[in-house]
Structures are given as structure tokens and as C-alpha cells.
1. For Leu199 and Val275, FRET efficiency with R0 = 30 Å and r from the beta-carbon atoms, rounded to 0.05?
2. When the chain is fully extended, how far beyond the present Cα-Cα distance does Cys228 get from Asp59, taking 0.36 nm per residue of separation?
3. Taking chymotrypsin sites (Phe, Trp or Tyr not before Pro) as candidate sites, keep only those in a DSSP loop with at most 16 other Cβ atoms within 10 Å, then name the longest stretch of the chain containing none of them.
4. Starting from the Cα-Cα distance between Asp171 and Val23, subtract it from 0.36 nm times their residue separation and give me the gain in nm to one decimal.
5. Kindly put Asp157, Asp239, Asp246, Asp210 in sequence by how many other C-beta atoms sit within 10 Å of each C-beta, fewest to most.
6. List the relative contact order of region 178-260 as a percent without decimals, with contacts defined as Cα pairs under 8 Å and 6+ residues apart.
7. Please identify every one of the trypsin sites (Lys or Arg not before Pro) in region 140-235 that sits in a loop by DSSP and has no more than 14 other beta carbons within 10 Å of its own beta carbon.
8. What residues of region 254-273 lie in the reach of a label at Ser243, counting those whose backbone N is under 17 Å from a point 7 Å from the Cα along Cα→Cβ?
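A short reminder: the numbers here are calculations on the coordinates, not readings from a lab. It should be emphasised that the depicted structure is a prediction, and the values quoted were computed from it without experimental measurement. We place every Cβ from the backbone using ideal geometry, glycine too, and count neighbours over all the protein chains shown.
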Amino acid sequence: MIYHILVASYTNEIYTLAFDPDVPSLTLASSLTVGHHPSWITRHPTDTSLIFTGLEQPDGKVVALRYDAEGRGTIVGEAPSGGGHPCSLLATKDQLLIGNYLPGTFATIPLSPEPPHLQGPPAVVAFTGTGPNVQRQSAPHQHQVALHPRARSWHVDYAPGAGPRHIAFHDDIMYTVLELANEVTAHRVPPLPTPPTLLSTAPTMRVFPDAAHMLAGEILVAPPSTVCPAPFVYVSNRDDPSSEGDAIAVFSADGTLTRVAEVRTELQHVRGMVVGGRVGNGSSQVGCMAPG
């Protein structure tokens, strides 16, 4: 079976790769020009051929795309993102949730089942705040939009300057990758009004090379499969000077963050990962992507 993988980039294109795990082979099938730096893509939860991307530019924009069975896309709509440099999107059945890196805003746009799908203008919430890292934390940067499995309202305090980037949930535990501290944390999120509690913290690599510019990148929890019946937490490290490329750290998903493995990718600046393949049917893969 051939899978079509959509890859966002820091070019002007979104790329479609054809992946055949039986060969194995990975080839470029097509590309679609959408605009400046379409660095993040997300799929509609029920209309799975409908894809959204954000254009990382000062006058941020989101674009709706329609893909066919062969992975060929067309632009069907666009709207302002409610800020600059949108770097994270999440689609629900009737809303597109947007995290704008600058000036640190969160926005929502209603969705319609009919083209152009994006029913603007966006509703916008602005954030304020600074951190001790003057080069990276002069303002709040909305790195990710995520939904908790159950409706909640709470906040988590991290060490000053740690740089929480992305989160992932499993059971009642929230895992966070801290890009500036190069750490991953596990917090238990109990029912309200009890606040979250820190369970454990671990570095994202066993031994760090002498590379001050390294940054932790993505985090995800892979669901169990027949090959791997236990779930695991995967964390990417970016810009490792090793000739073997960046490493992905694998941790237990039981809150202890026990390190299970560390796998080299032969890629540089691994910014995104996704679980794909025949999950639950005998095999699964973690796909790693470095920006173009």
C-alpha cells in the first residue's frame, strides 16, 4: 500500500511524498505553491481531504486546500490568521484554531462545509509576558494549539527560561518539550480544582554535544500497536552536529520518563514528527520531517 505524506516547508510549497513501506521507497509525487513559508499543516477531523496551512509572514494568513486521492492539491480558500507568522493550527469540526508566533496571539475562525470553508474574520486573544532569555523571550510566542481530551481550565508553571514548546497528552498526564532547556516534563492533570503536579523531568538526550545552538523540537505519544503494545513518548532534538544527524529520544509513557532508546535520523533540524502507517494492524512508523 502506498501512503501519501504531505510535508510543510520553509519554501513556498507543500510537498506530497509517496511512501511505499513494502519496498521501501519515498519519492516526490507532486508539490503545490501556496505562499510564503507554509510551515504547518493540519487536517480537518471529518472531511479528511480538507487541509489547512498557515503562511509564516508578518501579515499572517491561513489557506484551505483540497487534496485528491493521488495527493494533488488545490487552493480553495484563505483568510487572515489574526496575527503574524502563524506556526500552529488545529481544526475541529467547525473551528480552525490558530497560534500566531508574533505578536503572540491565539485566534479562531469559523469553518463552513462549503468552499471557501474559512468564514472570517478571526476572533483574537492577545497574550503578554517576557522571560529571562532576552534573545528568545522578549514577548510571548504561541508555539502550539492543542486540545485537552476533557474540557478544563488550568495553567502550568515551568522553570524560568525553559521555553515550553509543544505538549502531548496520554491518560491523565501531560508531556511537555522545553526547547530552551532541552528537557521534557511529565505533569499529572487531575480533575479540577486540583492543580497539575510535576511527576518527572528528563533531558532530551543522554549526552549533549558541545552545541549551544541545539534546541528540542517536537513531542508526540504514539498509540499502542500489535508490534508495540505499550505507548511511548517521542521527542526530537534539533541541530545536532553529529554526522548521524539529529536524535529522537524515546521515553516510557507512564509518567516516569524512563529513557527507552535514542535513535539517529540522518536528518538535520527535525522540527516535526507524525505517527503513521498501519497502526494497530501489525506495524507503525514515526515519520520525521526537517523543514525545507
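1. 0.85
2. Full extension of this stretch gives 56.5 nm more.
3. 155-292
4. 49.7 nm
5. In order of increasing Cβ crowding within 10 Å: Asp210, Asp157, Asp239, Asp246.
6. Computed value for region 178-260: 26 percent relative contact order.
7. Those satisfying the criteria are Arg150, Arg152, Arg206.
8. Counting only backbone N, you get 264-268.
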